[in-house]
Every structure is written in C-alpha cells, then in structure tokens.
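Q: Could you have a look at this structure, given as structure tokens, before my questions?
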Amino acid sequence: MESLTQMFGLQWGWMALGVALAIAELVAPGYFLIWLAGAALVTGMVASAMPVDLTVQVLLFAILCALLLGAARRWLGRHPLVSPDPMLNDRGGQLVGEAGVVSHVIEGGTGRVRHGDTEWLAQGPDAEPGTRMRITGHQGTVLIVERLN
C-alpha cells in the first residue's frame with residue numbers, strides 16, 4: 001500500500017500553503033508572510049523533484065524560513081521603506097503652520113480652535129472667538145497655537 005504522501009503528493013500541500021501565504025501577504029501587507037510563502041513553494045518544488053520524507057521537508061521548510069527571513073531583514077535594514085507621506089497618520093502634525101480660528105474663547109491657556117470643518121482643543125494665549133491663530137504644534141489631539149500676526 002502506498003503511503004499517504006505518495007498517493008496525494010505532499011508537494012501540492014506545500015504549494016497550496018505557499019500560495020495561501022502569498023495571498024495573505026497581499027491582503028495584509030507586512031513584508032513577512034511573503035518569505036514564508038517562498039519557503040513553502042521551494043519546499044514544494046524540492047518535494048516534487050525528489051522523494052524526501054516529511055521530516056526532511058519540514059526541516060527544509062524551517063531552514064528556508066530562517067534563511068529567507070534573515071536575508072529579508074538584512075536587506076530591509078539597508079534599504080528601509082520610506083513612506084511618501086510620513087505625516088499620513090499624524091493629523092495634528094499635518095496642521096502645523098496652518099491657520100485656525102478661535103471658536104470658543106481661549107482662557108487660562110485652553111480653548112477651542114476651528115480648522116476647516118473640525119474643532120480642536122487648543123492651548124495658547126488668551127483670545128476671543130473669531131481671532132485667527134497659527135498652529136505651531138500639537139500634543140496628542142490638543143493643538144498648540146499662537147496669535148497670527
């Protein structure tokens with residue numbers, strides 16, 4: 001009687017795992033799963049080219065994972081990924097240098113400033129509603145403002 005590995009071809013399981021990991025990388029990019037996908041695909045190719053035991057296949061997969069992840073880490077360390085918009089997720093940082101209008105009196109150093117269609121908590125010099133202020137920084141969701149000259 002043939003073994004299960006010979007009957008169904010375990011290499012197809014490695015290939016399917018490789019494709020599934022590659023698809024998972026496309027769905028949730030993180031530059032990690034693609035290397036595991038490569039290791040699974042290479043293991044599947046080796047398993048289809050020569051008769052190797054399941055233990056050897058798993059060991060080969062583990063070694064390939066370690067080698068590919070190490071190589072990727074070294075390569076990404078030398079070639080870091082740079083975002084085209086580093087302030088993309090820093091809404092307060094995007095507003096630095098812009099002007100806003102006091103919407104609720106700034107008294108005792110705190111109040112509210114409107115920029116576009118959004119009102120922000122603000123810290124700065126006392127000012128009456130309608131006063132134009134320059135946004136000079138932020139602390140979390142609180143804008144730091146000064147009078148616009």
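The values are calculated or read from the model by the stated rules, or taken from the named source; none is laboratory data. If you're wondering where the values come from, they're calculated on a predicted model, not measured in any experiment. Every residue, glycine among them, receives a Cβ derived from its backbone with ideal geometry; neighbour counts consider all protein chains shown.
Q: Restrict the check to region 127-141 and report whether at least one residue is farther than 30 Å from residue 47 by Cα, assigned to a strand (DSSP E or B) and of a type in the set (Ser, Thr, Tyr).
A: Residues of region 127-141 farther than 30 Å from residue 47 by Cα: 127-141.
Okay, now just the ones that are also assigned to a strand (DSSP E or B), so 127, 132-139.
If we keep only those that are of a type in the set (Ser, Thr, Tyr) as well, we get 136.
Yes, that holds for at least one residue.
Q: Please verify whether region 63-84 includes one or more residues that are part of a helix (DSSP H, G or I), more than 24 Å from the chain's Cα centre (by Cα) and closer than 19 Å to residue 32 by Cα.
A: In the first step, residues of region 63-84 are kept if they are part of a helix (DSSP H, G or I); the result is 63-78.
Now narrow it down to the ones that are more than 24 Å from the chain's Cα centre (by Cα): 63-64.
Retained after the next criterion (residues that are closer than 19 Å to residue 32 by Cα): 63-64.
Yes, the conditions are met somewhere in region 63-84.
Q: Here's another thing I want to ask about it. Considering only region 52-73, I want to know if a residue exists there that is in contact with a Ser or Thr (Cβ under 9 Å, 6 or more places away or on another chain), farther than 20 Å from residue 19 by Cα and either at pLDDT 90 or above or loosely packed, with under 12 Cβ neighbours inside 10 Å (or both).
A: Looking through region 52-73, at least one residue is in contact with a Ser or Thr (Cβ under 9 Å, 6 or more places away or on another chain), farther than 20 Å from residue 19 by Cα and either at pLDDT 90 or above or loosely packed, with under 12 Cβ neighbours inside 10 Å (or both).
Q: So, one more: How many residues does region 102-118 contain that are surrounded by fewer than 14 Cβ atoms within 10 Å (Cβ to Cβ) and part of a strand (DSSP E or B)? Steps first, please.
A: To start, the set of residues in region 102-118 that are surrounded by fewer than 14 Cβ atoms within 10 Å (Cβ to Cβ) comprises 107-109, 116-118.
Now narrow it down to the ones that are part of a strand (DSSP E or B): 107, 118.
The qualifying residues number 2.
Q: Also, I was wondering about something else. Cβ contacts < 9 Å: first residue over 11 Å from residue 60 (Cα atoms) and not assigned by TED's automatic domain parsing to the domain that holds residue 67, restricted to region 24-48; second residue part of a loop (DSSP other than H, G, I, E, B) and of a type in the set (A, V, I, L, M), any location; separation 6+ or different chain. Result?
A: Taking only residues 6 or more apart or on different chains, not a single pair turns up.
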